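Asker: Mind having a look at this structure? Questions to follow.
Computed from the coordinates by the stated procedures, all read-outs in this text should not be read as laboratory data. All figures in this text were calculated on a predicted structure; none of them were measured in a lab. Cβ atoms come from the backbone with ideal geometry, glycine included; neighbour counts cover every protein chain shown.
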Amino acid sequence: MEQLTHLDERGRARMVDVGAKPETERVAVARGRVRMQPATLALIRSGEVAKGDVLAVARVAGIMAAKRTGDLIPLCHPLPITSVEVDITPDEAASTLEIEATARIVGRTGVEMEALTAVSVAALTIYDMCKAVDRGMTIEAVRLVHKRGGRSGEYWREEEMAGEQPRASAPREGHMEQGGRRISVAVVTISDSAARGEREEDLSGQAVRDNVHHFGGVVEHYEIIPDEQEMIAETLKILADDGRYDVILTTGGTGLGPRDRTPQATKEVIDYDVPGLAELMRAESAKRAKFAYLSRAVVGVRGETLIANLPGSPKGCAETVEILAPYLPHAVQVLRGEVREHKPS
């Protein structure tokens with residue numbers, strides 16, 4: 001068993017120094033449940049609890065608690081969390097409310113405690129709002145289900161994988177594509193100024209990395225290169241031919257400017273294009289920004305890897321990933337040879 005990191009060599013409690021650790025994307029998923037009388041669950045579902053909308057208040061309480069974890073747990077670091085999601089699902093057969101919380105961050109330490117705190121406080125809030133009608137409720141099985149990122153890598157709670165059917169959101173939250181395989185993603189920012197180090201942060205590349213969870217993606221490669229067509233083409237070719245990446249997402253260089261060379265470079269290396277997805281990106285983006293129709297973004301396939309050109313703005317990147325998200329898992333399965341027929345809509 002590894003040594004407890006929150007104790008120093010003299011056995012005294014300490015906060016672990018994480019200053020030397022690299023910043024990586026980290027995700028944690030926790031679950032728990034509140035067991036109650038069937039009549040109590042019926043009141044909650046009908047909205048007849050005197051204190052108000054139990055599920056809505058509990059979700060907000062869980063999110064707020066995750067953000068305050070460093071104030072509640074003595075040796076936890078205060079973290080700049082990028083996202084917290086709390087889902088509460090009634091289970092009539094078991095007479096329970098099933099709670100799942102997902103916390104995300106790009107940082108030097110994990111967010112397991114934030115996810116666990118969100119579940120715990122959401123459960124306590126449910127108890128508080130319903131205790132007048134059911135003081136016998138119990139809070140049960142608060143546990144970590146999944147974590148990813150950092151030196152210790154990925155963890156799945158075995159019984160969650162083998163002994164229970166995950167809810168529909170589980171593959172997305174756990175960054176796993178249906179069938180248990182992850183969707184491996186490479187992100188390439190194409191920008192002269194970013195490549196020269198003139199930007200403090202690559203906000204567009206970060207926006208892509210923050211949003212690949214919408215289709216179950218895991219970012220396993222990230223780099224910044226200049227707007228040089230030959231270099232872009234060579235980079236895409238190397239990444240696609242490596243065989244490790246299911247999806248390559250580029251950001252930048254899709255406009256009408258003389259240095260916008262990403263579409264040309266992409267066309268050089270793909271075996272064939274996927275025009276429907278490119279058209280979808282433009283059409284959906286134009287609902288928010290009319291000049292999206294000026295984008296020359298390309299989506300295509302090289303080998304078994306899908307390559308998609310995203311816009312250069314952080315907001316545009318985030319929105320475009322969400323636009324593509326419903327289609328990418330199935331596209332990846334088709335390219336892997338796991339699906340030969342399109343599923344009926």
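Asker: Gain in length, H77 to D192, computed as 0.36 nm per residue apart minus the alpha-carbon separation, to one decimal in nm? Mind dumping the intermediate values first?
Answerer: Details: separation 115, 0.36 × 115 = 41.40 nm, distance 3.59 nm.
Working it through step by step, the gained length comes to 37.8 nm.
Asker: Also, I was wondering about something else. Past 18 Å, Cα to Cα, is the threshold; run K267/K290; K237/K267; K67/K131; K51/K131 against it and keep the listed order. Show your work: numbers first, answer last.
Answerer: Working: K267/K290 25 Å; K237/K267 11 Å; K67/K131 26 Å; K51/K131 10 Å.
Beyond 18 Å: K267/K290; K67/K131.
Asker: Within region 214-267, which trypsin sites (Lys or Arg not before Pro) sit in a loop by DSSP and count at most 12 neighbouring Cβ atoms inside 10 Å?
Answerer: R244
Asker: Here's a follow-up. Assuming a ≥ b ≥ c are the square roots of the Cα gyration tensor eigenvalues, decide whether region 254-295 counts as rounded (a/c under 1.5), prolate (otherwise, with a/b larger than b/c) or oblate.
Answerer: oblate
Asker: Calculate, for E220 and L335, the FRET efficiency according to 1/(1 + (r/R0)^6) with r their C-beta to C-beta distance and R0 22 Å; round to the nearest 0.05.
Answerer: Working: r = 17 Å, r/R0 = 0.76.
Approximately 0.85, to the nearest 0.05.
Asker: If you bin every alpha carbon distance in region 278-340 into 5 Å steps from zero, what whole percent lands in each bin?
Answerer: Bins of 5 Å from zero give 4, 17, 27, 23, 14, 9, 5, 1 percent of pairs.
Asker: Rounded to two decimals, what is Rg over Rh for region 24-172 when you use alpha-carbon atoms and the Kirkwood radius?
Answerer: On the way: Rg = 15.5 Å, Rh = 15.7 Å.
Using only Cα positions, Rg/Rh for region 24-172 is 0.99.
Asker: What Kirkwood hydrodynamic radius do you get for region 99-158 when you take the inverse of the mean 1/r over all pairs of distinct Cα atoms, in Å?
Answerer: Details: mean 1/r = 0.0759 Å⁻¹.
The Cα-based Kirkwood calculation yields 13.2 Å.
Asker: Tell me which GluC sites (Glu not before Pro) from region 20-97 have a DSSP coil assignment and no more than 12 other beta carbons within 10 Å of their own. Before the final figure, lay out each step's value.
Answerer: On the way: sites: E23, E25, E48, E85, E92; in loops: E23, E48, E92.
Within region 20-97, the qualifying GluC sites (Glu not before Pro) (loop, at most 12 other Cβ atoms within 10 Å) are E23, E48, E92.
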